[in-house]
Amino acid sequence: MYKYASSYCNSAKIIIESYSFSIPFSHFLKQFFKENKKFGGKDRKAVTQACYAYFRLGPFAKTINIDKAIICGLYLTIENLTQWQLIWPSEWMVKEQFSFSERISYLQNIQFLPKDFSPFVFDQEVSKQIDFADFSQSHLTQPYSFIRIRPGFEKRVSAKLEELNINHIKIDNAIAFADSIDVENIAKLNREIVVQDYSSQQIAQLLALIPVSNANRKVWDCCAASGGKSILAVDTLSKIYLQVSDLRPTILHNLKTRLAVAQIPLQKVEVKDVSKPIQHNDLFDLVIADVPCTGSGTWGRTPENLVYFQEKEIAVFQQLQQKIIRNTISAVKKGGYYLYCTCSVFEKENEANVELIGQKFNLTLVSQRYFKGYAQRADTLFGALFIKN
């Protein structure tokens, strides 16, 4: 039981009221604790939990007293109610064994929550392929952390997990952890394992639709970021010449270091803004466009977006994505493939852009799908694979 539960809630209130959404909340919180060294490890964990519990309520959090919102959020989002039992009425503890959905119903029945409560409110923008009720409620639960075992290291990593007696869950080929762990104790990061969300790993299903070839394919990851899709492409397609680009030099520096550890050679690394017109000197067998997006499929990890994100930003991202599509799709050679990906659940960022590609460019859709992670405590992603005629 948290002896200082009320104090932790007060600290969370101070932090939340001083947060402006100008940077990710995790960065803001890290800086706050750096400047306020009175918080020990247990204190930081509890205060962090209280802050994120508030954000997981979504816009509803801003409609009520912040103290009430924090205790309501904690009641709905944590599994072990005993730790926080000092902050709410004793009768709430009778419902300790309730599921999260039953806790929602209980608070609605005592008029603590509105009947239409939903952490995620942009229901008109969400794709009809998404079960909105399940997706929305999933934001009350912290997603798992996932790793992917790279080809050839399955037995070694599995044996290490058993040896260290690390609590984990195997979901298909992904390894999930509910608790924070140092994955480098398990295996060599990037060489043997990759930190990658379950749904992001499933993009391999689309890559696997590309016919096997004995020749090395030329692949361009045009919005490479940390390189997760680049490593996945190498592990799925095997023989490729890889070129990467990104707008941010620092990101590319980190990517080069990561791929070097992964023992993946790079043919070319370029700082490039693909939202602007580009003269292509090379044509590719595959272009991967994992485009900037709202990230709405990952808000379970960044729940401050549930509270602060503005709906008007969806159209802004869609316009950026369509510029990137126009500027990169011409780099695909005849018979080559274009893989369009987002970590969004919004139709404008996904199906609408697939329709644009089909109407405006000489490409045929091979397959499109949502990788719905909300049943696995994972992110939700979208991917569409095209072939150039």
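The values are calculated or read from the model by the stated rules, or taken from the named source; none is laboratory data. Only a predicted model underlies this, so the values are computations on that prediction, with no experimental measurement involved. In this analysis, Cβ positions are derived from the backbone assuming ideal geometry, glycine residues included, and neighbour counts consider all displayed protein chains. Ligands, DNA and RNA are stripped out before the accessible areas are found, and what is left, the full protein with its side chains, is counted by its heavy atoms. Shrake-Rupley method; radii C 1.70, N 1.55, O 1.52, S 1.80 Å.
Here is how the numbers come out for the structure above:
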{"item": "Solvent-accessible area per residue, Å², over segment 205-274 with all protein chains present [probe radius 1.4 Å]", "result": "47"}
{"item": "Leading residue at positive end of dipole, the chain (Cβ point charges), from TRP88, SER367, THR141", "result": "SER367"}
{"item": "Cα-based equivalent ellipsoid, segment 102-154: semi-axes from gyration tensor eigenvalues, Å", "result": "33, 17, 7"}
{"item": "Label-to-label distance, nm, for residues given as PHE100 and ALA375 (7 Å Cα→Cβ offset)", "result": "1.6"}
{"item": "Under the span-like rule (Cα at least 18 Å along the axis, Kyte-Doolittle mean at least -0.5), DSSP H helices of the chain", "result": "5-18, 249-261, 313-328"}
{"item": "Where ILE181, ILE193 fall by accessible area, highest first, once all protein chains stay in place (1.4 Å)", "result": "ILE181, ILE193"}
{"item": "Exposure ranking of HIS139, HIS280, HIS27 by accessible area [1.4 Å probe, largest first]", "result": "HIS27, HIS280, HIS139"}
{"item": "Lys, Arg +1 and Asp, Glu -1 on Cβ, resulting dipole of segment 235-389 about Cα centre, debye, nearest 20", "result": "360"}
{"item": "Column: log10 I(q)/I(0), Debye, Cα scatterers of segment 127-178, q = 0.22, 0.28 Å⁻¹", "result": "-0.85, -1.12"}
{"item": "22 Å Cα-Cα reach of LYS62 towards lysines, excluding residues that sit fewer than 8 places from it in its own chain", "result": "LYS13, LYS115, LYS312"}
{"item": "Pairwise FRET efficiency - SER226 versus ALA352, Cβ, R0 = 22 Å, nearest 0.05", "result": "0.25"}
{"item": "Per-residue HN-Hα couplings for segment 274-284 [Karplus 6.51, -1.76, 1.60; θ = phi - 60°; Hz; x = Gly/Pro]", "result": "7, 7, 10, x, 10, 8, 8, 8, 10, 10, 10"}
{"item": "Once exposed loop trypsin sites (Lys or Arg not before Pro) are cut out (DSSP; at most 12 other Cβ, 10 Å), longest piece of the chain", "result": "129-238"}
{"item": "Accessible-area composition of the chain, carbon plus sulfur, in percent [1.4 Å probe]", "result": "49"}
{"item": "At R0 = 56 Å, FRET efficiency that the Cβ-Cβ distance of HIS280 and ASN36 yields, to 0.05", "result": "0.65"}
{"item": "Distant-in-sequence amide H partners of ILE240 (H built 1.01 Å from N, under 5 Å)", "result": "ARG217"}
{"item": "Spherically averaged projected area of segment 69-115 from its Cα convex hull (nm²)", "result": "3.0"}
{"item": "Signed unit charges on C-beta, dipole axis of the chain, positive-most listed residue ALA331, THR380, LEU74", "result": "ALA331"}
{"item": "Largest-first principal axis extents, alpha carbons of segment 293-389, Å", "result": "44, 29, 17"}
{"item": "Sorted largest first, extent of segment 1-130 alpha carbons per principal axis (Å)", "result": "43, 38, 25"}
{"item": "Dipole magnitude of the chain, debye to nearest 20 (Cβ charges: Lys/Arg +1, Asp/Glu -1, about Cα centre)", "result": "1020"}
{"item": "Cross-link pairs beyond the 20 Å C-alpha cut-off, checked among LYS229/LYS272; LYS272/LYS323; LYS256/LYS323; LYS3/LYS38; LYS155/LYS256", "result": "LYS256/LYS323; LYS155/LYS256"}
{"item": "Cα gyration tensor shape of segment 238-319, rounded if a/c is under 1.5, else prolate or oblate by comparing a/b with b/c", "result": "prolate"}
{"item": "All lysines inside 16 Å of LYS372 as judged from Cα atoms, apart from same-chain residues fewer than 8 positions distant", "result": "LYS128"}
{"item": "Residues listed by number, segment 139-166, amide nitrogen under 18 Å from ASP179 label point at 7 Å toward C-beta", "result": "142-147, 160-166"}
{"item": "Check: segment 1-132 dipole with +1 on Lys, Arg Cβ and -1 on Asp, Glu Cβ, in debye", "result": "600"}
{"item": "Candidate residues PHE100, PHE25: accessible-area rank, largest first, probe 1.4 Å", "result": "PHE100, PHE25"}
{"item": "Dimensionless Rg ratio for the chain, taking C-alpha atoms and the 2.2 N^0.38 Å reference", "result": "1.06"}
{"item": "Alpha-carbon Debye profile of segment 157-299, log10 I(q)/I(0) at 0.09, 0.21 Å⁻¹", "result": "-0.32, -1.43"}
{"item": "Heavy-atom accessible area per residue - segment 1-140, 1.4 Å, Å²", "result": "52"}
{"item": "Aspartates and glutamates with Cα under 16 Å of LYS239, excluding same-chain neighbours fewer than 8 positions away", "result": "ASP221, ASP285"}
{"item": "Loop-resident sites, segment 257-339, for GluC sites (Glu not before Pro), counting at most 12 other Cβ within 10 Å (DSSP)", "result": "GLU311"}
{"item": "Dipole axis of segment 165-300 (+1 Lys, Arg; -1 Asp, Glu on Cβ), positive-most option in GLY227, VAL274, ILE186", "result": "VAL274"}
{"item": "Chain lengthening between ASP134 and TRP88 when straightened (0.36 nm per residue, less Cα-Cα)", "result": "13.9 nm"}
